[in-house]
Each structure stands twice: as C-alpha cells, then as structure tokens.
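Encoded as structure tokens, the structure appears first; notes follow it.
The values are calculated or read from the model by the stated rules, or taken from the named source; none is laboratory data. Note that the structure is a prediction, hence the values are computed from the model and not measured. FYI the Cβ positions are ideal-geometry reconstructions off the backbone, even for glycines, and counts take in every protein chain you see. Areas reflect the complete protein model, heavy atoms only, side chains present, ligands, DNA and RNA absent. Shrake-Rupley method; radii C 1.70, N 1.55, O 1.52, S 1.80 Å.
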Amino acid sequence: MLERFNKHIIQNLPFLKESKLLIAISGGIDSVVLMHLCRAANFKFALAHCNFNLRGKESDADEDFIVQLADDLEIEVFVQNFETETYAKTHKLSTQMAARELRYNWFNDLAAQLKFDYILTAHHADDDLETFLINLTRGTGLEGFTGIPIINNNTVRPLLPFSRLEIEAYANDNNLKWREDSTNASTKYLRNKIRHEVIPVLKDINPQLLQTFSQTQAFLKDSKAIIDDRIDDVSDKVIKDITEFEIQFDISEIKQLSHPKAYLYELLKVYGFTEWNDVFNLLDAQSGKQVFSETHRLIKDRDYLLLSDLNTEDKQQVITISECDDKIKTTAGVLFFDEADALFGKDANRIFVDKKKLKFPLTVRHWQEGDYFHPLGMKGKKKLSKYFKDEKMSLLDKENTLLLCSGDYIIWVIGKRADSRFKVTDKTKKIIKIELK
C-alpha cells in the first residue's frame, strides 16, 4: 500500500511533499494508518486530536493513546476538549453535526494561526460509498452522488482511493496499534447501519463494488462538469442584473429552457432552497409571492425572480445622527454632512438643505407603509408607495431604500429624491450638504 500511496501522491497530490500539514487523528485505524504513511513518505506534519467527551473514559483513553503515540514518534500533537452535547443543544444541532462543526472550526483555526498549508483527513473509498448511499436515502441532486472531494479548500483526503480492507491489511502487516470506537459497532446511526447491514449485501452481490462505484462516480463527475458548463452559458441569458442587494432572473428566459425546474435547481441550489416545487411555481405566481431558505429569499416581481439575502435585522434598525456627526455609515453607503457656501452640481447622491429647518437628532430608517413626502420640484405630497410605483422600482429596491428623517418628516429618499420642505431658499443662512458615497 505504501508504494501505491507514494504513486498516488506523485500523480495527484505532489504539493503535499513541500507543505506543512496538520493530520486529523482520532486514534482509529484509518487516521493511524494515514499518519504512518505520511511519516514513511517523509511529510512535514503535526497531529490534531479532538476529545468530544461523548464516551466518558473511552474518550479520555483515546486522547491518552494519541499523546503517547506522538511522544513515542516525537511528533508534535495538539489536543482540544469539547463540550459537544452542550454545543449541540445551544446551536440546535445533532451530536454528529455539532462534533463535525467543532472539529473543522478548530482545525481551520489551528491552520490559520500556525501556518499549516493543508489539513489531512483519513476518509477512504468505503466512506465515499457510505456517503453516496446516505445521500441516496435522503434525496439529493447530482452533486450528492459525485462523492467526497479529494481536495476541498485546504482539506485534503489522501486515502480516498484506498479501501477499508487495504487500510486494515497495511495496519496488520506493520503491527500498528490503534483504538476501536465502541460506537462504530452500533447501528443506531445511519452511517453505521449502512456500513454493517447494507454494504455487505451489495458487496456479496458484486465483490468488485468499490471499483465499479469508482467508475460510476467518474462518469457522474464528467456529467456534472458538462452541466456546470451549460449552467454558465444559461446564467448569462437568464441573469439580467446583479446589484448589492439582489440577483435578478428573467422569467421569460427561464421558461424558454427545456426543463425550467431543473435549471432553477442548478441556478439556486447553493442558496439553500429545498422546496423546489414552490420555487418552480413562482414562475407563474402573482407578484409578491416569496419562497425562503434559511439564508435567502426568492420573490416574484412582475417579469423577474429576485434573489436576496435574509437581513431582517437591518430592516428594523434605526440610525441616529447628532448635530456634531460629520459622517454616518448605512447599508446604502456612508452619509457625509458638511456646511456649504452655495448649491453646486446636480447629483442623485447629493442634496443641499436649510440647516435651520432640521430638527436633531436626525434618523435613518427603512420606509414604512403610509410614509409620504413632498418631492422636490413638485407641488403637494406623495405617498412613497406611489413614488416607488411611478419609478418602477422592484420589491427589493423598495425594501432596501433608506430614508433620512427629521422627526416625523422625510428629508431625503436617500439616493433618489429630496423633500421640498427642507430646500434652500433666499432666506437660508446656513446650507448643509449631505452626500452619499
């Protein structure tokens, strides 16, 4: 196996030879074998072990084993203890997901602080097959069938081409010692149930299961690459605009595609949506209809689907501006306040007001139903909702519009239109220039 491992590194991961590596080691056979192979290959590495405190004395014994192993081999080791169950409850995660989050957060922190180039984990071919079957049982798109990536940002999995049997054979041939996790024998967890009850049946049907699975995955990866190329082409047609607040998808262009629902999935899957029938139904829904993921919102707005982040806290925020403030940061940009001698330059991002008419503190807030103002250059007042409609602003444009206010009065629909009640006149003694940058 060592010969195959070295060949695999030379052909696929040659950069590891010159890198500073951090090996995630649990004490189990997979990570112990990975550590020994890396040592035999003369890699520069340290070890990182997580004690999740989930198995009492057994967890502590794993930690002791790793510390002793590192001491015997004169390898630097980092150990971190976690209160995993507390973290899981606080963050409303399963124990397994909490452990994963804690583990990778710590690995990445270590890598950043101590300048490790890559984090190595001991995932192997059987893990890849198990993940495939888990995704199959839960439902997934094509990306869920293309397997665990051998390289994912700074995480590398050098054992991915090797089977569990090969790893066990190498450990036994080299008289290696490791720790057995008692929970691995339990079928309480889905992965273990698939490992102990499903995969043996599949291997009995096809003894070459891992090889044929690897070939199938290679075909799926090629197919995914073709799809990704096609999505890049389609994106140029269906995405009409990208702003700071939204991505705008042209519904008519989407409807002309051969399989609109499939394309919507590929275009939007990275934003966490799961209710794909609801997403597809937006194409023919009334304006204002919305679909949410945990992080994003998709709105039907006339001829477009508008994708935006969920930032409800920003919508409720009110910013206070005192008379001595000369600049204030907002979600639309920075507002600068300065005295001016005269009016100059017409610009939607700049207004001039009569200081005497201002009542401090000023405020910046989002618009609300029922708001109205007196548009500069017009007689009388106008509801903001009517102004937005006349300006043909999208739903998201309306939501992200900020108002600069003096008491209950609107001074400026920021970046769009000033209110005539604060305009500079012949009687103005002090002019304030307000500019958005």
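Would you say Val279 is open to solvent by 50 Å² or more (accessible area, probe 1.4 Å), of a type outside the set (Asp, Glu) and in a helix (DSSP H, G or I)?
So Val279 fails the test.
Return the total of residues in the range 18-33 being of a type outside the set (S, T, N, Q), over 27 Å from Ser182 (Cα atoms) and open to solvent by less than 80 Å² (accessible area, probe 1.4 Å).
Of the residues in that region, 1 qualify.
Mind listing whichever residues of the range 343-379 are basic (Lys, Arg) and farther than 14 Å from Asp419 by Cα?
Result: Lys346, Lys356, Lys359, Arg365.
Residues that are outside any helix (DSSP H, G or I) and either touching an Asp or Glu at 6+ places or on another chain (Cβ under 9 Å) or crowded, with 20+ Cβ neighbours inside 10 Å (or both): does the range 180-190 have at least one?
Checked against the condition, which is being outside any helix (DSSP H, G or I) and either touching an Asp or Glu at 6+ places or on another chain (Cβ under 9 Å) or crowded, with 20+ Cβ neighbours inside 10 Å (or both), the range 180-190 yields at least one hit.
Please specify each residue of the range 228-251 satisfying the condition of being open to solvent by 60 Å² or more (accessible area, probe 1.4 Å) and part of a helix (DSSP H, G or I).
Within the range 228-251, Asp229, Arg230, Asp232, Asp233, Asp236, Lys237 qualify.
Considering (1) more than 25 Å from the chain's Cα centre (by Cα); (2) surrounded by 13 or more Cβ atoms within 10 Å (Cβ to Cβ); (3) assigned to a loop (DSSP other than H, G, I, E, B), say which one Ser287 fails and leave the rest.
(2)
Can you name the number of the only condition in (1) modelled with pLDDT of 95 or more; (2) assigned to a loop (DSSP other than H, G, I, E, B); (3) over 27 Å from the mean Cα position of the chain (by Cα) that Leu159 fails?
Going through the list (1) modelled with pLDDT of 95 or more; (2) assigned to a loop (DSSP other than H, G, I, E, B); (3) over 27 Å from the mean Cα position of the chain (by Cα), Leu159 breaks only (3).
How do the pairs read when you match residues in the range 383-410 that are farther than 22 Å from Glu246 by Cα with residues anywhere that are charged (D, E, K, R) and open to solvent by less than 10 Å² (accessible area, probe 1.4 Å), using Cβ under 6 Å and keeping only pairs 6 or more apart or on different chains?
Ile410/Asp419
Each row is one residue, and each column tells you yes or no for (1) over 38 Å from the mean Cα position of the chain (by Cα); (2) surrounded by fewer than 16 Cβ atoms within 10 Å (Cβ to Cβ).
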residue	(1), (2)
Leu343	yes, yes
Val353	yes, no
Leu358	yes, no
Pro375	yes, no
Ser385	no, yes
Asp390	no, yes
Leu396	no, no
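Condition check: among the aromatic types (Phe, Trp, Tyr), within 21 Å of Lys429 (Cβ to Cβ) and assigned to a loop (DSSP other than H, G, I, E, B). Does Phe352 satisfy that?
no
Hey, does the range 300-308 have a residue that's farther than 30 Å from Val238 by Cα and not hydrophobic (A, V, I, L, M, F, W, C)?
Within the range 300-308, not a single residue is farther than 30 Å from Val238 by Cα and not hydrophobic (A, V, I, L, M, F, W, C).
Could you grab me the full set of residues in the range 81-114 that are under 13 Å from Phe52 (Cβ atoms), more than 18 Å from the chain's Cα centre (by Cα) and open to solvent by 70 Å² or more (accessible area, probe 1.4 Å)?
Asn81, Glu83, Glu85, Thr86, Gln96 - these are the residues of the range 81-114 that are under 13 Å from Phe52 (Cβ atoms), more than 18 Å from the chain's Cα centre (by Cα) and open to solvent by 70 Å² or more (accessible area, probe 1.4 Å).
Of everything in the range 277-301, what is acidic (Asp, Glu) and closer than 20 Å to Gln256 by Cα? Give them in sequence order.
Within the range 277-301, Asp278, Asp284, Asp301 qualify.
Can you work out which of the residues in the range 115-153 that are part of a loop (DSSP other than H, G, I, E, B), exposed (fewer than 15 other Cβ atoms within 10 Å of the Cβ) and of a type outside the set (Ser, Thr, Tyr) is modelled with the highest pLDDT?
The first filter runs over the range 115-153 and keeps only residues part of a loop (DSSP other than H, G, I, E, B), leaving 115-117, 121-124, 139-141, 146-150, 153.
So of that shortlist, the ones also exposed (fewer than 15 other Cβ atoms within 10 Å of the Cβ) come out as 115, 139-140, 149, 153.
If we keep only those that are of a type outside the set (Ser, Thr, Tyr) too, we end up with 115, 139, 149, 153.
Working: Lys115: 94, Gly139: 80, Pro149: 91, Asn153: 91.
The selected residue is Lys115.
From the set of residues in the range 398-433 that are acidic (Asp, Glu) and more than 25 Å from Lys300 (Cα to Cα), which is surrounded by the most Cβ atoms within 10 Å (Cβ to Cβ)? I'd like the intermediate steps shown before the answer.
First, the residues of the range 398-433 that are acidic (Asp, Glu): 399, 408, 419, 426.
When the remaining residues are screened for being more than 25 Å from Lys300 (Cα to Cα), the result is 408, 419, 426.
Numbers: Asp408: 8, Asp419: 24, Asp426: 4.
Checking each candidate, the answer is Asp419.
Give me the pairs, please: first residue somewhere in the range 273-286 and farther than 15 Å from Gly139 by Cα, second residue anywhere and at pLDDT 90 or above and open to solvent by 90 Å² or more (accessible area, probe 1.4 Å), beta-carbon distance under 7 Å, and either six or more positions apart or on two chains.
Once the first residue is farther than 15 Å from Gly139 by Cα and sits in the range 273-286, its partners that are at pLDDT 90 or above and open to solvent by 90 Å² or more (accessible area, probe 1.4 Å) give Leu282/Lys289; Leu283/Lys255.
When the range 318-329 is examined, which residues are found to be surrounded by fewer than 16 Cβ atoms within 10 Å (Cβ to Cβ) and either in contact (Cβ under 8 Å) with a residue 12 or more places away in the chain or assigned to a strand (DSSP E or B) (or both)? If you could, list the steps in order and put the result at the bottom.
Within the range 318-329, the subset surrounded by fewer than 16 Cβ atoms within 10 Å (Cβ to Cβ) is 318, 320, 322-327, 329.
Selection gives Val318, Thr320, Ser322, Glu323, Asp325, Asp326, Lys327, Lys329.
Applying the selection to the range 56-114, what residues are touching a residue at least 60 places away in the same chain (Cβ under 8 Å) and of a type in the set (D, E, K, R)?
Selection gives Glu58, Asp62, Arg103.
Could we say that Ala111 is touching a helix residue (DSSP H, G or I) at 6+ places or on another chain (Cβ under 6 Å), part of a helix (DSSP H, G or I) and more than 28 Å from Leu209 (Cα to Cα) here? Talk me through it step by step, then tell me what you get.
Values: touching a helix residue (DSSP H, G or I) at 6+ places or on another chain (Cβ under 6 Å): no; part of a helix (DSSP H, G or I): yes; more than 28 Å from Leu209 (Cα to Cα): yes.
Spelling it out, it is not the case that Ala111 is touching a helix residue (DSSP H, G or I) at 6+ places or on another chain (Cβ under 6 Å), part of a helix (DSSP H, G or I) and more than 28 Å from Leu209 (Cα to Cα).
Out of everything in the range 62-75 that is within 36 Å of the chain's Cα centre (by Cα) and open to solvent by less than 30 Å² (accessible area, probe 1.4 Å), what residue ends up being farthest from Ala99 (Cα to Cα)?
Only one residue fits best here, namely Ile75.
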